[in-house]
Amino acid sequence: MNFRDSPDEAEFRLRLREWLATNTPDLPASSTSDDYWAAQAGWHQALYDAGFFGLSWPKSIGGHELPTVYDAIVDEELAAAGAPPRPSLGYLVQGMLEHGNDDIKARLLPGIVNGRDRWCQGFSEPEAGSDLAALRTRAVPDGDEWVITGHKIWTSYSDAADWCLVLARTDPDVPKHKGLSAFRVSMHQPGVQQRPLQMINGITREFGEVTFDGARTPATDMIGAPGEGWRLAMTVVSHEREPGELGYVARYKKVVNELVKQVRADRSAFDEEPVRDLAWALVEVEMLRCHVARRLSERLDGISHGPEGSVDKLLMTAVEQAVGHAALSVGGAGHGGWDDTALKVYLYSRAQSVMGGTSQIQRNLVATRILGLPA
Amino acid sequence: MDVRFSSEQRALRDSVAQLVERLRPESVRALDDGERVAKLDAALTASGWRELRTADDAGAPWATGVEVAIVAEQLAQGAVDAPFIGPVLAADLRRRLGAAPAAAETIAVTLDLSAPARADGDAFEHAALAVDAAQATAALVLTRDGGLAQMPLGAATTGVDLTRRVVEITPGAAVAAVSDRALPADDVTQWTALGLALTSADMLGTMRGAVRLARDHALNRHQYGEAIGSFQAVQHLLADAHVATEGSASAALRAAWAVDALAPQDALAAAAAAKAYAARAARMVCETVIQVHGGIGNTWECMAHVFLRRALVSSDLFGGVGPNLTRVLEHHRIGVAS
Ligand SMILES: Cc1cc2nc3c(=O)[nH]c(=O)nc-3n(C[C@H](O)[C@H](O)[C@H](O)COP(=O)(O)OP(=O)(O)OC[C@H]3O[C@@H](n4cnc5c(N)ncnc54)[C@H](O)[C@@H]3O)c2cc1C
């Protein structure tokens, strides 16, 4: 029971810290500026090339097969350096590792891990959000291809993506959870159109909507067996709920560090309320750091989390929204037309209780799957 | 980094849990069962857990903050009505000054519980409260010049918390020096961190016990022909309670580890963050548990208020939300406006 680095971990931390000293890009947060996305791929590739990305994944796909606790070190050092968070792709990688065949793993995963192939996740549809299994996008076989028709929405990074992980109905005649399959679909083809959606904080590169109108993909790009789509989707979203997977501690820590600096520079300009909001944000971020350490340590026992991911997601959401409140009350809304970064951080934080399954859905899962209350 | 419990720590946790399962008060009425209380106290004495912070041959505590926090959490989970935190904190103070351990001793704090009571010379200027004082014959206090003094205690009474007794100390009460050495400031800081870590662990256990109580009730109580636990509104209340408990567990774990592993100021900061988090969570959780119990939850016979009362006391001991947010701010050098 030790929060401290082992000698190997300490050596790794030092190496990373030295690298960051000269390689930290001056990027705005993805949540507040579209400029982030222009440089995001470069950041991912730089981290990967220097040996600091994909640490816990198999070597065969470009990983390092280190214990997952190394990810926590990366998050801490990125935050301390004021660097952007590590790209959050763990859910895609885990989904494919668990459900993809050897060909899929060998062919598709290295490009995801090294940051050369950009992916987005096409699950949600206008009529299928929380009730994801009700989705209507169809995939129909045609020779050794599948033809895909449907409408995906709130697809994160759709404008930057080369590929989309599409969940589509391949068998309309079985119960709704059983008729779904997953595919890799190229975003660069005539049958695919994507249109960015503007978020409430004004940014336009966070998510978009994608229409598939007779888009084609080879049968070899089906991920998992026919009908395995629902299980793959559940693997993906459960990893999407884990703060350790997402590297969000670094993102939150970076914001609160900046707020602390702001208050320290002119302490008497702030009265009780914003300072108290900031204190709560500090407490929440510290809690999440400890929580991630706890969860990642449990993985050393080989425990992978099922419903506990919902607990993590709810904790992470509370942290992000506490940080959002602190940003708003310390930074102000920017009524005078000056810097509105704080407002953007705040407004973005509202999405955390919706994306990856809403907080209500997470509470349903905690109540029924962890507390054992009647479903 | 590997924050899993060691096999010894897991064994400790399990043996505390077994004792708790055997001798905890299962109902409010059982709090008055003198025979059970005596057995419980004897079992706890025999376990030696209250001496975990006394000095080993090298003067170091036998166990770290992690082990004592494990015990505190398990005891609180069963609302165990035998002293633990008070005697442990008293023993830790004695060890820091190289004073011989004493049996049946606890600590005294200010009336709002937020700080150790301070004696002036050989007497008390203000009223104070000896906490966790069942069976205690004496309480330790700090003196204004930083020394350690002891005062004899009268019989303990039941206060806010029905599981842990108190003794009121009136102004003018006499104290006798335990040591004429002053306690170094770093020791006071570490000791405070231990107090915060232990009260956080106690609240964590309280939350776990309370959530379990409410969950069982939600499965057993039927309305509209269904278990109330099938209603989404009730489910979401309990889900939030569970999540707040888990967050508290993570923060409290680091606080317990930090007591002996980090520099005193860093240990205090970790403990203050955990305490602020757990104090807010514990009140919310215990209130939720009363709500889920409906009318029954508002009766003296229901264990729900036993948990809430215990949480209120552990929250106030060494300071609750406000004082600990202040500590967090001071640690980041954004304390008080100058
Ligand atoms: C920033 C952002 C990024 C996203 N990125 C992606 C992405 O990359 N890929 C992707 O596929 N999707 C993505 N999404 C979509 C997201 O997964 C959905 O928005 C989410 O699952 C909720 O679905 P919905 O919007 O249809 O809301 P609805 O399901 O219509 O829910 C509306 C409200 O009703 C509540 N509700 C619904 N059902 C229940 C129930 N059973 N019990 C209690 N309350 C209920 C919800 O909690 C919510 O408050 C993203 C969303 C956001 C905001």
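The values are calculated or read from the model by the stated rules, or taken from the named source; none is laboratory data. The shown structure was predicted, so the numbers you read here are calculated from the model rather than taken from an experiment. Counting neighbours? That spans all protein chains shown, and the Cβs are built from the backbone with ideal geometry, glycine included. Heads up: the accessible areas ignore ligands, DNA and RNA and are worked out on the full protein's heavy atoms, side chains in. Shrake-Rupley method; radii C 1.70, N 1.55, O 1.52, S 1.80 Å.
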* To do: Identify the single condition in (1) away from the ligand (no atom under 16 Å from the Cβ); (2) within 19 Å of the chain's Cα centre (by Cα) that A:Arg241 does not satisfy, given that it satisfies every other one.
  => (1)
* Selection from the range A:61-79 of residues that are modelled with pLDDT under 90 and of a type in the set (A, V, I, L, M, F, W, C) -> A:Val69, A:Ala72, A:Ala79
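I'd like to check something: does the range A:102-121 contain any residue that is on the phi > 0 side of the Ramachandran plot and within 16 Å of the ligand (Cβ to nearest atom)?
Taking the range A:102-121 and keeping what is on the phi > 0 side of the Ramachandran plot, we get A:115.
This time we only want the ones that are within 16 Å of the ligand (Cβ to nearest atom), so: none.
No, because not a single residue in the range A:102-121 is on the phi > 0 side of the Ramachandran plot and within 16 Å of the ligand (Cβ to nearest atom).
Restricting the range A:84-106 to residues that are part of a loop (DSSP other than H, G, I, E, B) and at pLDDT 90 or above, which is surrounded by the fewest Cβ atoms within 10 Å (Cβ to Cβ)? Before you say what the answer is, go through the steps one by one.
Within the range A:84-106, the first condition is being part of a loop (DSSP other than H, G, I, E, B), and the residues that meet it are A:84-89, A:100-101.
From what is left, the residues that are at pLDDT 90 or above are A:100-101.
Details: A:Gly100: 21, A:Asn101: 14.
That would be A:Asn101.
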* Structure fact -> Here the qualifying pairs (Cβ atoms under 9 Å; residues six or more apart or on different chains; first in the range A:297-313 and more than 8 Å from chain B (Cβ to nearest Cβ) and over 13 Å from A:Ser359 (Cα atoms); second of a type outside the set (Phe, Trp, Tyr) and open to solvent by 60 Å² or more (accessible area, probe 1.4 Å)) come out as A:Gly306/A:Arg369; A:Pro307/A:Arg369
* Odd one out for A:Asp35, checked against (1) away from chain B (no Cβ under 14 Å); (2) under 18 Å from A:Leu109 (Cα atoms) -> (2)
* Asked: Looking at the range A:196-203, is at least one residue under 24 Å from A:Ser31 (Cα atoms), without any contact (Cβ under 8 Å) to a residue 40 or more places away in the chain, over 19 Å from the mean Cα position of the chain (by Cα) and within 13 Å of the ligand (Cβ to nearest atom)?
  -> no
* With (1) within 12 Å of the ligand (Cβ to nearest atom); (2) out of contact with any Lys or Arg (no Cβ under 6 Å at 6 or more places or on another chain) as the list, and A:Ala161 as the residue in question, which single condition is left unmet? -> (2)
* Structure fact -> Per the filter on the range A:317-368, residues charged (D, E, K, R) and away from the ligand (no atom under 14 Å from the Cβ) are A:Asp339, A:Asp340
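One residue is enough: does the range A:138-145 have a residue meeting the conditions more than 8 Å from the ligand (Cβ to nearest atom) and either in the same structural domain as A:Gly62 (by TED's automatic domain parsing) or closer than 30 Å to A:Asp49 by Cβ (or both)? Give the steps one after another, and end with the answer.
Of the residues in the range A:138-145, the ones more than 8 Å from the ligand (Cβ to nearest atom) are A:138-145.
Restricting the remaining residues to those that are either in the same structural domain as A:Gly62 (by TED's automatic domain parsing) or closer than 30 Å to A:Asp49 by Cβ (or both) gives none.
Checking the range A:138-145: not a single residue is more than 8 Å from the ligand (Cβ to nearest atom) and either in the same structural domain as A:Gly62 (by TED's automatic domain parsing) or closer than 30 Å to A:Asp49 by Cβ (or both).
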* To do: Residues being within 14 Å of chain B (Cβ to nearest Cβ), out of contact with any helix residue (DSSP H, G or I) (no Cβ under 8 Å at 6 or more places or on another chain) and open to solvent by less than 50 Å² (accessible area, probe 1.4 Å): count how many of those fall in the range A:1-25.
  => 2
* Quickly run through the range A:122-133 and pick out the residues that are in a helix (DSSP H, G or I) and near the ligand (Cβ under 10 Å from one of its atoms). => A:Leu132
* Is the range B:185-207 home to any residue that is in a loop (DSSP other than H, G, I, E, B) and not small (Gly, Ala, Ser)? -> no
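Yes/no per residue for (1) more than 10 Å from chain B (Cβ to nearest Cβ); (2) on the phi < 0 side of the Ramachandran plot; (3) touching a Ser or Thr at 6+ places or on another chain (Cβ under 7 Å):
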residue: A:Glu240; (1), (2), (3): yes, yes, no
residue: A:Tyr248; (1), (2), (3): yes, yes, no
residue: A:Lys253; (1), (2), (3): yes, yes, no
residue: A:Phe270; (1), (2), (3): no, yes, no
residue: A:Pro274; (1), (2), (3): yes, yes, yes
residue: A:Trp280; (1), (2), (3): no, yes, no
residue: A:Leu288; (1), (2), (3): no, yes, no
residue: A:Arg295; (1), (2), (3): no, yes, no
* **Unique match (being under 22 Å from the mean Cα position of the chain (by Cα), open to solvent by 10 Å² or more (accessible area, probe 1.4 Å) and modelled with pLDDT of 95 or more) among A:Glu298, A:Glu286** => A:Glu286
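If I filter the range B:1-15 down to residues being within 7 Å of chain A (Cβ to nearest Cβ) and open to solvent by 50 Å² or more (accessible area, probe 1.4 Å), which single residue comes out as nearest to B:Val66 (Cα to Cα)?
Filtering the range B:1-15 for residues within 7 Å of chain A (Cβ to nearest Cβ) gives B:1-6, B:9.
Imposing the further condition that a residue be open to solvent by 50 Å² or more (accessible area, probe 1.4 Å) reduces the set to B:4-5.
On the way: B:Arg4: 11, B:Phe5: 9 Å.
Looking at residues that are within 7 Å of chain A (Cβ to nearest Cβ) and open to solvent by 50 Å² or more (accessible area, probe 1.4 Å), I get B:Phe5.
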* Show the residue pairs that are 6+ apart or on different chains and have beta-carbon atoms under 8 Å apart, the first residue being within the range A:119-146 and closer than 19 Å to A:Met222 by Cβ, the second being acidic (Asp, Glu) and open to solvent by 20 Å² or more (accessible area, probe 1.4 Å). => A:Trp119/A:Asp162; A:Leu135/A:Glu127; A:Arg136/A:Glu127
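In the list A:Ile148, A:Ile203, A:Ile223, which residue meets the criterion of being at pLDDT below 95 and of a type in the set (A, V, I, L, M)? Lay out the reasoning, then the answer.
Values: A:Ile148 fails: at pLDDT below 95; A:Ile223 fails: at pLDDT below 95.
It is A:Ile203.
Quickly run through the range B:49-79 and pick out the residues that are without any contact (Cβ under 8 Å) to a residue 40 or more places away in the chain and either under 20 Å from B:Met303 (Cβ atoms) or open to solvent by less than 20 Å² (accessible area, probe 1.4 Å) (or both).
Correct list: B:Ala63 only.
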* Asked: Before we move on, is A:Asp312 away from the ligand (no atom under 16 Å from the Cβ), surrounded by 19 or more Cβ atoms within 10 Å (Cβ to Cβ) and within 25 Å of A:Cys120 (Cβ to Cβ)?
  -> yes
* **the range B:85-102: number of residues that are farther than 12 Å from B:Arg181 by Cα and open to solvent by 30 Å² or more (accessible area, probe 1.4 Å)** => 4
* Candidate set from the range B:210-236 (those that are assigned to a helix (DSSP H, G or I), within 9 Å of chain A (Cβ to nearest Cβ) and without any contact (Cβ under 8 Å) to a residue 60 or more places away in the chain); member that is surrounded by the fewest Cβ atoms within 10 Å (Cβ to Cβ) -> B:Gln232
* Asked: Restricting the search to the range B:21-42, which residues are part of a helix (DSSP H, G or I) and surrounded by 14 or more Cβ atoms within 10 Å (Cβ to Cβ)?
  -> B:Leu23, B:Ala30, B:Leu31, B:Arg36, B:Val37, B:Lys39, B:Leu40, B:Asp41
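Confirm whether B:His332 is within 8 Å of another protein chain (Cβ to nearest Cβ), farther than 30 Å from A:Gln360 by Cα, without any contact (Cβ under 8 Å) to a residue 12 or more places away in the chain and surrounded by fewer than 22 Cβ atoms within 10 Å (Cβ to Cβ).
Working: within 8 Å of another protein chain (Cβ to nearest Cβ): yes; farther than 30 Å from A:Gln360 by Cα: yes; without any contact (Cβ under 8 Å) to a residue 12 or more places away in the chain: yes; surrounded by fewer than 22 Cβ atoms within 10 Å (Cβ to Cβ): yes.
The answer is yes for B:His332.
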* Considering every residue within the range B:192-209, establish whether at least one is open to solvent by 20 Å² or more (accessible area, probe 1.4 Å) and within 14 Å of chain A (Cβ to nearest Cβ). => yes
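Pick from B:Ala42, B:Ala79, B:Ala38, B:Ala91: which is modelled with pLDDT of 95 or more, out of contact with any Cys (no Cβ under 6 Å at 6 or more places or on another chain) and closer than 13 Å to B:Arg164 by Cβ?
Values: B:Ala42 fails: closer than 13 Å to B:Arg164 by Cβ; B:Ala38 fails: closer than 13 Å to B:Arg164 by Cβ; B:Ala91 fails: closer than 13 Å to B:Arg164 by Cβ.
Just a single option satisfies the conditions, and that option is B:Ala79.
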